[in-house]
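As C-alpha cells, the structure follows; a few thoughts come after it.
The values are calculated or read from the model by the stated rules, or taken from the named source; none is laboratory data. Since we're looking at a predicted model, the values are computed, not measured. Cβ atoms come from the backbone with ideal geometry, glycine included; neighbour counts cover every protein chain shown. Heads up: the accessible areas ignore ligands, DNA and RNA and are worked out on the full protein's heavy atoms, side chains in. Shrake-Rupley method; radii C 1.70, N 1.55, O 1.52, S 1.80 Å.
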Amino acid sequence: MRAADPFAAFLGIELVEVGPGFARARMAVTAEMANAHGTTHGGAIFSLADAAFAAASNSHGVPAVALDMHISYLRKSAPGDVLVATAREENLTRRTGLYRIVVENQRQEAVAIAAGLVYRLAGETGPREAAPR
C-alpha cells in the first residue's frame, strides 16, 4: 500500500489486514495531525477511512474508483491515539460497491463512521468501461 499510495504513507497509515470486501488500516495520531482545538483533524481521520475503503473496494482484483464518500464524526481523538479503520462491503454489483467504514480508537470506541460508493472498472481481461458522468 505504501508504494501505491504515497499520501497514506506520508500520514503513516499502515494496511494491517485485507480480504475479499474487507480491509483494516491503522494510523498513530501525531502532533502534526491536530487541529486548532488540539484534537485530531477531521481530514486525517477521513484519510484513514479512505485508505481502508480503497483497499477493501479493490480487494476483488477489479479496479474500483470512489464515486462518493461521506463521514460522521462521533468522538474526538488526540495526538497519541492509535486509530483503526475497518471497511466492510455492504453491497457489490458488477459496476458498483458500497462500503461501511468504522474508525475506532485504541479503546475500541467509535470515532467516526463513513460510507463509500465505488464504480468498478472492467477487469484486465475485458474492455475498460467509461466512468459515469
Checklist entry - Could you count how many residues in the range 1-27 are open to solvent by less than 80 Å² (accessible area, probe 1.4 Å), over 12 Å from Ala52 (Cα atoms) and at pLDDT below 95? => result 1
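Every residue, every condition in (1) of a type in the set (A, V, I, L, M, F, W, C); (2) within 30 Å of Gly38 (Cα to Cα), yes or no:
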{"residue": "Ala56", "(1), (2)": "yes, no"}
{"residue": "Ser59", "(1), (2)": "no, no"}
{"residue": "Val65", "(1), (2)": "yes, no"}
{"residue": "Ser77", "(1), (2)": "no, yes"}
{"residue": "Gly80", "(1), (2)": "no, yes"}
{"residue": "Thr86", "(1), (2)": "no, yes"}
{"residue": "Glu89", "(1), (2)": "no, no"}
{"residue": "Thr93", "(1), (2)": "no, no"}
{"residue": "Thr96", "(1), (2)": "no, no"}
Checklist entry - Under the condition of being on the phi < 0 side of the Ramachandran plot and part of a loop (DSSP other than H, G, I, E, B), which residue from the range 28-42 is least open to solvent (accessible area, probe 1.4 Å)? => result Val29
Checklist entry - Within the bounds of the range 51-66, is there any residue that is surrounded by fewer than 14 Cβ atoms within 10 Å (Cβ to Cβ), more than 17 Å from Leu121 (Cα to Cα) and at pLDDT 95 or above? => result no
Item to check | Top-ranked residue in the range 94-118 [being part of a loop (DSSP other than H, G, I, E, B) and touching a residue at least 24 places away in the same chain (Cβ under 8 Å); ranked as surrounded by the most Cβ atoms within 10 Å (Cβ to Cβ)] | outcome: Asn105
Checklist entry - Pick from Ser59, Ser47, Ser77: which is hydroxyl-bearing (Ser, Thr, Tyr), over 18 Å from Gly19 (Cα atoms) and part of a loop (DSSP other than H, G, I, E, B)? => result Ser77
Item to check | Residue in the range 63-73 that is among the polar types (S, T, N, Q), under 14 Å from the mean Cα position of the chain (by Cα) and under 20 Å from Leu92 (Cα atoms) present | outcome: no
